[in-house]
1. May I ask you to list the lysines whose Cα is less than 26 Å away from that of LYS64, ignoring any residue fewer than eight positions away on the same chain?
2. Which FRET efficiency, nearest 0.05, do LEU68 and ALA11 yield, Cβ-Cβ r, R0 41 Å?
3. Taking the mean number of other Cβ atoms within 10 Å as a proxy for protection, how do you rank 121-134, 16-29 from highest to lowest?
4. Would you mind calculating the gained length between SER87 and GLN138 on full extension (0.36 nm times residue separation, minus the Cα-Cα distance), in nm to one decimal?
5. With a ≥ b ≥ c taken as the square roots of the eigenvalues of the C-alpha gyration tensor of region 46-93, please select rounded if a/c is under 1.5 and otherwise prolate if a/b is larger than b/c or oblate if it is not?
6. With θ set to phi - 60°, apply the Karplus curve 6.51 cos²θ - 1.76 cosθ + 1.60 along region 52-65 and write out the HN-Hα couplings as whole Hz, x wherever there is a Gly or Pro.
7. Stretch ASN44-LYS100 to full length: gain in nm at 0.36 nm per residue minus the Cα-Cα span?
8. Can you give me the pair-distance distribution of region 64-119, C-alpha pairs, 10 Å bins, whole percents?
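FYI, it's all coordinate maths here, none of it is from the lab. Because the structure is predicted, anything quoted here is derived from the model rather than measured. Note that we place each Cβ from the backbone using ideal geometry, even for glycine, and neighbour counts take in every protein chain shown.
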Amino acid sequence: MSHNVKVKYYARENSQMKPHSFFAQAIANGTYGFDKMCEEAAINTGLEPETIRQAVVLYVGAAKRKLLDGFKVEVGKDFLTLGPNLSAKVKDEIDAETGKVKKAVKADDLTAVGGRSRISVVVDSEFVHEFARSVKWQKSDRAGNPLDTGEEDATLDPDDPSQPTGGNSSNNAGGGSSQQGGGNSGGGSSSQGGGDGDDDVTYD
């Protein structure tokens, strides 16, 4: 990523949840499809894009097989780790009038019945930090037209808990994309920790 390139974002209204708010919605600078990425990877290597394409197809095929076998799978070196995940929960029954617990649930009450099978995506912590240090932001309208808001610096230290981030959000992995620090919102959740590294970021 060039440190001189800015990524646009706009203020997206959230009127469905209280209190009323706005959150940052990133606007990507474009999309690199699979074939285009193979061409990019082949630059200055002496390899043909088709050679890389065939290797990646085989790698991804193997990764899918191992995921279906229930394993965690590394995608690339120091980049992503995919793994099995289950979304299921039980919660106490609360009396609507008193606010007190009418029936407390136990760990034995939780089963996979009614849950949802998902794929977790863990982003390597070092790359998350590199992205946070490198990316620059430009506020725009929803159509991507830049707005003059003066100098903005969102390059916060991911390890400094005193610096506010505005919260994280993501869509469900396997059913869309997920981003940190705003990103695609309006549903789903994101959590930090998890994975094999203490600072790896997990999107479920």
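1. In chain and number order, the partners are LYS36, LYS72, LYS77.
2. Details: r = 41 Å, r/R0 = 1.00.
That gives a FRET efficiency of 0.50.
3. On the way: 121-134: 16.9, 16-29: 12.1.
The densest-packed peptide leads the list: 121-134, 16-29.
4. Details: separation 51, 0.36 × 51 = 18.36 nm, distance 3.54 nm.
Going from the current span to full extension adds 14.8 nm.
5. Working: a/c = 4.33, a/b = 3.07, b/c = 1.41.
Prolate is the answer for region 46-93, as a/c is 1.5 or above and a/b outweighs b/c.
6. Result, rounded to whole Hz: 5, 4, 5, 5, 5, 4, 5, 5, 5, x, 5, 4, 4, 4.
7. Numbers: separation 56, 0.36 × 56 = 20.16 nm, distance 6.61 nm.
Roughly 13.5 nm would be gained on extension.
8. The percentages, shortest bin first, are 19, 30, 24, 16, 11, 1.
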